[in-house]
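None of the figures in this text is laboratory data; all of them are computed from the coordinates on show. Not measured: the values here are computed from a predicted model. As a convention, Cβ positions derive from the backbone with ideal geometry for all residues, glycine included, and neighbour counts pool all protein chains shown.
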Amino acid sequence: MPIGFGIVGCGMIANFHAQAIEKIRGAKIVACFDMYAPSAERFSKANGCTACEKLDEMLADPNVDIITICTPSGSHMAPAVAAANAGKHVVVEKPLEITLKRCDAIINACRKNKVKLCTIFPSRFSPCNLAIKEALDSGRFGKLTLGDAYTKWWRTQEYYDSGGWRGTWDLDGGGACMNQAIHSIDLLYSFMGDVEEITGATSLVAHERIEVEDIGVATIRFKNGALGVIEATTAAFPGMLKRVELHGNQGTVVVEEDSILTWEFAEKSRKDASVRKKFARTDTGGGASDPSAISYVNHMAQLKDFINSIQTGEKPLVDGEEGRKSVEIILAIYQASWTGKAVQLPLKKDPKIPDREEGRAKSKPKSKRPDKKSKKKKKK
């Protein structure tokens with residue numbers, strides 16, 4: 001019997017999951033569901049699966065083993081918890097959720113029902129980043145000293161106006177940090193380890209009719225003593241590839257998307273030349289200016305890892321607890337920005353969004369969109 005997937009939320013990102021699942025031997029999409037029925041119908045016709053009228057219909061299908069949540073960020077919890085309670089394994093697109101309380105609800109539901117949970121962070125599965133992780137684990141960097149992550153992307157005003165949920169605290173959970181830079185923030189954490197303290201500043205400078213930030217910067221003190229910087233924006237025309245820089249007293253690596261720009265270590269290895277050659281600069285949009293300009297390949301690698309974890313009983317590489325980490329770091333950046341104070345991790349509770357109603361009152365109304373039903377569409 002093939003491993004059956006059910007997709008919840010049939011917007012753009014669901015298409016990447018569909019492409020990935022199609023390429024995995026022994027896996028297939030069985031069903032889909034979207035609050036906006038025409039989206040589910042289109043997806044079902046394109047992928048040869050059943051469009052369910054209600055989520056419960058999908059959850060009752062014995063041929064569905066895994067539920068993949070592709071709804072807007074702030075609506076992950078309800079379907080994820082429902083899937084876990086129905087005994088289905090759960091895949092959640094990044095971020096796991098937009099608050100720690102909601103992340104914990106998903107994690108606890110999966111633990112209670114003894115089902116597997118993973119958070120989608122495909123960059124961790126890039127062969128380039130796996131090579132970096134291997135170098136870190138083998139101690140080639142020596143003592144880690146600096147770790148920096150830069151996501152300087154471009155999003156047009158039309159991008160934010162294209163869906164009523166975009167740029168809102170309720171459903172986006174944040175702006176450039178939570179929605180875009182979370183990929184490089186997760187990578188930075190996976191390379192450098194846990195964070196001890198964060199200072200930060202965020203602002204909205206280049207877009208209208210949104211509640212969240214389009215620029216953010218933070219300084220980080222890691223628990224291992226290293227320091228770091230995070231920069232995030234959706235206001236850097238024309239958009240640059242995401243970049244992570246890692247430094248230690250015995251080595252430095254700089255990676256831009258899936259290309260290694262610098263790979264230097266005090267203690268040489270015969271594999272170094274082949275690594276530099278294999279991961280030389282490649283042409284990729286990386287989502288820097290177009291959110292659809294990404295590949296499904298790393299999604300496929302992550303879903304393979306998840307299926308393997310179900311079959312073997314092992315932990316997936318990026319489980320719920322791992323997915324929660326980047327959310328905590330980003331919420332700490334927001335709290336530091338709002339309070340003007342350094343924030344210690346782990347966070348004791350979710351930060352409160354300041355002057356929320358006042359900010360909404362001052363913001364301009366959303367522009368009229370060509371598709372008046374866009375608010376009902378579940379697009380990632």
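Okay, here's what the table says:
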{"quantity": "Antiparallel content of DSSP bridges confined to the chain, in %, to 5", "calculated": "55 percent"}
{"quantity": "Percent RCO, i.e. relative contact order, over region 188-258, from Cα pairs under 8 Å lying at least 6 residues apart", "calculated": "23 percent"}
{"quantity": "Listed peptides 191-197, 64-70, 204-210 by packing density, highest first (mean Cβ within 10 Å)", "calculated": "64-70, 191-197, 204-210"}
{"quantity": "Computed E for S269/N85 - FRET, C-beta separation, R0 41 angstrom, nearest 0.05", "calculated": "0.25"}
{"quantity": "Cβ-Cβ FRET estimate between K304 and T339, R0 fixed at 45 Å, reported to 0.05", "calculated": "0.60"}
{"quantity": "Simple label model, 7 Å out from Cα along Cβ direction - S138 to K23, nm", "calculated": "2.6 nm"}
{"quantity": "Estimated 222 nm signal from helices in the chain, with DSSP H stretches of n ≥ 4 weighted -39500 (n - 2.57), rounded to 500", "calculated": "-10000 deg cm²/dmol"}
{"quantity": "For region 17-83: rounded, prolate or oblate by the Cα gyration tensor [a/c cutoff 1.5]", "calculated": "rounded"}
{"quantity": "Cα shape, region 1-126, gyration tensor, a/c 1.5 rule", "calculated": "rounded"}
{"quantity": "Cα-Cα P(r), region 58-215, percent of pairs per 10 Å interval", "calculated": "10, 31, 32, 22, 5, 0"}
{"quantity": "Built amide H within the under 5 Å cut-off of K242, gap 5+", "calculated": "E257"}
{"quantity": "Taking N as its residue count, the alpha carbon Rg of region 190-298 over 2.2 N^0.38 Å", "calculated": "1.29"}
{"quantity": "Segments 169-176, 346-353, 54-61 sorted - mean Cβ within 10 Å per residue, highest first", "calculated": "169-176, 54-61, 346-353"}
{"quantity": "Residues whose placed amide H lies under 5 Å from that of V195, excluding near-sequence neighbours", "calculated": "K223"}
{"quantity": "The chain: relative contact order in percent, alpha carbon pairs under 8 Å with at least 6 residues between", "calculated": "22 percent"}
{"quantity": "Proximal charge balance of T262 [Cβ under 15 Å; K/R count +1, D/E count -1]", "calculated": "0"}
